[in-house]
1. Would you mention how many residues in region 45-64 are free of Cβ contacts under 8 Å to residues at least 60 places away in the same chain and open to solvent by less than 10 Å² (accessible area, probe 1.4 Å)?
2. Considering Leu5, Leu29, Leu42, which residue is surrounded by 15 or more Cβ atoms within 10 Å (Cβ to Cβ), within 18 Å of Leu257 (Cβ to Cβ) and at pLDDT 95 or above?
3. Can you go through Asn139, Asn114 and tell me which one is open to solvent by 20 Å² or more (accessible area, probe 1.4 Å) and more than 22 Å from Lys335 (Cβ to Cβ)?
4. Does Met113 count as over 21 Å from Asp66 (Cβ atoms) and in contact with a strand residue (DSSP E or B) (Cβ under 9 Å, 6 or more places away or on another chain)?
5. Can you find a residue that is over 23 Å from Phe78 (Cβ atoms) and outside any helix (DSSP H, G or I) anywhere in region 259-266?
6. Return the residue satisfying two criteria in turn: it lies in region 139-162 and is among the hydroxyl-bearing types (Ser, Thr, Tyr) and out of contact with any strand residue (DSSP E or B) (no Cβ under 7 Å at 6 or more places or on another chain), and of such residues it is farthest from Ala266 (Cα to Cα).
7. So which residues in region 317-354 are among the polar types (S, T, N, Q) and open to solvent by less than 60 Å² (accessible area, probe 1.4 Å)?
8. I'd like the residue in region 65-90 that is among the β-branched types (Val, Ile, Thr) and outside any strand (DSSP E or B) and, out of all such residues, is surrounded by the fewest Cβ atoms within 10 Å (Cβ to Cβ).
Amino acid sequence: MRKFLATFLAFATAATLFASDNDKKVYRLKLATSYENTMPVLGDVVADFKKYADELSGGRLQIRIDTPTKHKAPFEVFDFVKAGQYDLAYTALYYFKGKDPKTMLWTAVPFGMNTPEQHAWFYYGGGKELSDKMFAQYNMKSIPMGSTGIQMGGWFRKEVNSLADLQGLKVRIPGFGGEVMSKLGASINTIPTGELYMALEMGTIDAVEWVSPVYDMSLGFGKVAKYYYTGWQEPTADTHLLVNNKSYEKLPKDLQLILEAAARMAGEDMLNKGFYENSRIWSQMKTQNPNIEVKSFPKDVVDGLRKATNEILDAEAAKDPMFKEILESQRAFQKIGREWYKISDFAYIQNTAE
C-alpha cells in the first residue's frame with residue numbers, strides 16, 4: 001500500500017503544483033468522530049487523517065475535528081453526515097445497525113472475513129461498488145479508514161464449558177455479536193464504558209466483550225474476570241470515513257483523491273499501531289497479570305454461535321435483496337480467500353512454530 005500511496009502522492013503533488021489560482025482555494029470540512037481523542041489508537045486516527053490531508057494538499061484541504069465532547073452524540077454521526085450537518089464522520093458502521101442492518105456487514109460479521117480478506121474483497125472483489133451503491137441512498141460515501149484487526153471474545157468471571165453455560169449469562173457485548181448470544185440464551189446488557197469495571201466487579205454483568213489488549217487492559221477487566229476468551233464475533237472490525245456526497249462533489253478532483261488517500265494512510269497507521277501495541281501489551285500481560293487465563297470457547301459453543309449467526313444472516317437476507325447481494329459477495333470471496341490463507345499465513349505459523 002505504501003508504494004501505491006507514494007505513486008499517488010507524486011501525481012497529487014504535481015496536480016497541486018500546476019493547479020490554477022481558482023483550484024488553490026482552501027476547502028474547509030467539518031468532521032464528527034464517534035471517539036474521544038484520549039482513546040488508545042482509535043483516538044489518533046482522525047488527527048492522522050487531518051495531518052495527511054493537510055500535507056498532501058499543500059494546505060488546501062483543512063479539516064476541523066469535533067469529538068463527542070463537542071457534538072454530544074457519538075452514535076448520531078451517521079445522521080449528521082446524511083443531513084449535511086457535518087461533511088465527514090469517523091465511526092464504526094455497525095453502530096447504525098438499527099437504522100439499516102446492512103451497515104454491520106461493512107464492520108464485522110461473526111465467523112466472517114478477517115482483515116486482509118475483507119480489504120481484498122472491498123478493493124478488488126466488488127465490495128467498493130456495493131458500498132457506493134448502498135450509501136448513495138443516504139447521500140454519502142463510505143471509505144475504509146482503519147481496523148482494530150481481530151477482536152478478543154471477552155472477559156468472563158467464570159468458564160464457559162458448554163452451550164448451557166450461556167443460558168442467563170449477563171454479557172455486555174454490542175452489535176451483531178450480542179444478537180447472536182441473545183439467540184442462545186444470554187442476557188445482553190448495554191452499560192456505558194465508564195461503568196463497565198464496576199458492573200463486572202459487582203456481578204451486575206458476568207462478562208464484557210470490549211476489543212483487544214491495547215484497549216482492554218487499561219480498563220482493568222483482568223482484575224475481576226480472569227478468563228480472557230479468544231474471538232469469534234469480530235474477525236475484523238473496520239472503521240470508516242463517511243463523506244457527504246454534496247461536500248465531496250464540491251472538491252476538485254485532486255482533493256477528492258487526496259481525501260481518499262489520507263483516509264487509507266491513516267487507516268494503515270491505525271492497523272499497524274494496533275498490532276504493535278497489542279503485541280507489546282500481550283507480552284507484558286503474561287508476567288504482570290499471571291492470574292489471567294486465556295481460553296477458547298469449546299466446540300459445541302462455537303458450533304452453536306456459528307449456527308445462530310447464519311440463521312440471523314439468512315433471515316435478514318431473505319427480507320432485503322441488497323443485504324443478500326452484499327452477504328453473498330462476501331461469502332463467495334471468503335470461501336476462496338480462506339483457502340489461500342490456510343496454506344499461506346496459517347501454514348507458515350503452524351509449520352515454523354518453535
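The values are calculated or read from the model by the stated rules, or taken from the named source; none is laboratory data. For clarity, every value in this text was computed on a predicted model and none was experimentally measured. Counting neighbours? That spans all protein chains shown, and the Cβs are built from the backbone with ideal geometry, glycine included. Ligands, DNA and RNA are stripped out before the accessible areas are found, and what is left, the full protein with its side chains, is counted by its heavy atoms. Shrake-Rupley method; radii C 1.70, N 1.55, O 1.52, S 1.80 Å.
1. Of the residues in that region, 1 qualify.
2. That would be Leu29, the only listed residue that is surrounded by 15 or more Cβ atoms within 10 Å (Cβ to Cβ), within 18 Å of Leu257 (Cβ to Cβ) and at pLDDT 95 or above.
3. Asn139
4. No: the conditions fail for Met113.
5. So far as region 259-266 goes, no, none of its residues is over 23 Å from Phe78 (Cβ atoms) and outside any helix (DSSP H, G or I).
6. Residue satisfying both the conditions and the ranking: Ser162.
7. Passing the criteria: Ser329, Gln330, Gln334, Ser344.
8. Only one residue tops the list, namely Thr69.
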